[in-house]
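Working notes, beginning with the structure itself.
Values quoted throughout were computed directly from the atomic coordinates according to the rules given, and no laboratory measurement underlies them. Note that this is a predicted model, so its numbers are computed, not measured. Cβ coordinates were reconstructed from backbone atoms using ideal geometry, including for glycine residues, and neighbour counts include every protein chain displayed.
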Amino acid sequence: MDTFQNNNPYMALPGITPEELGYIQQANSQLTESQQKYFYMTYTTKRKSTQDVLIFCIIGTFLVPGLQRFILGQIGMGVLYFFTVGLCFIGSIVDLANHRSLANEFNQKMVFESFQMAKMAN
């Protein structure tokens, strides 16, 4: 069990924050080594880096209003942004400024979801 934790493959993820790493380590502490590997495979495909969210926010501000919200799974807010042109651009600009917190919030949800899937896998 220690071999997977000691190598810490999560440090190689682009844009990983200490807060996100803390969530991951907390989830991994309750999993077996095979569950940790399943968690890693699941989580790395679902997470969004802060750079990706920033790009989605830029595109959402200038081309497709609400794109960042659709990508982050907030369909209702995405529809609202789409039909109100990013809440008259104010919401889109706020999202640009808060792209890190949007990414962290999404990744925290993905840690929990991946943990649940890994727990059920084995």
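Assorted remarks:
- Amide H partners (placed H, <5 Å) of LEU72, local residues excluded: none
- Förster radius 35 Å - calculated FRET efficiency between GLN26 and VAL79, Cβ distance, rounded to 0.05: 0.55
- Applied to region 14-19, the Karplus parametrisation 6.51 cos²θ - 1.76 cosθ + 1.60 on θ = phi - 60° returns per-residue 3J(HN,Hα) values of x, x, 6, 9, x, 5 Hz, with x for Gly and Pro.
- Phi angles of region 105-120 translate, via the Karplus equation with coefficients 6.51, -1.76, 1.60 and θ = phi - 60°, into HN-Hα couplings of 5, 5, 5, 5, 5, 5, 4, 5, 5, 5, 4, 4, 5, 5, 4, 7 Hz per residue; Gly and Pro are given as x.
- The radius of gyration of the Cα set in the chain, together with its Dmax, comes out at 16.3, 52 angstrom.
- Between GLU19 and CYS88, the C-beta separation translates, for a Förster distance of 30 Å, into a calculated FRET efficiency of about 0.45.
- Lys, Arg +1 and Asp, Glu -1 on Cβ, resulting dipole of region 33-121 about Cα centre, debye, nearest 20: 140 debye
- Rounded to the nearest Hz, the phi-derived 3J(HN,Hα) couplings of region 70-81 under the Karplus curve 6.51 cos²θ - 1.76 cosθ + 1.60 (θ = phi - 60°) are 4, 4, 7, x, 9, 5, x, 5, x, 5, 4, 4, where x marks glycine and proline.
- Comparing ALA103, ALA27, ALA12 in a Gaussian network model of the chain, where Cα atoms under 10 Å apart are tied by springs, the biggest mean-square fluctuation is seen for ALA12.
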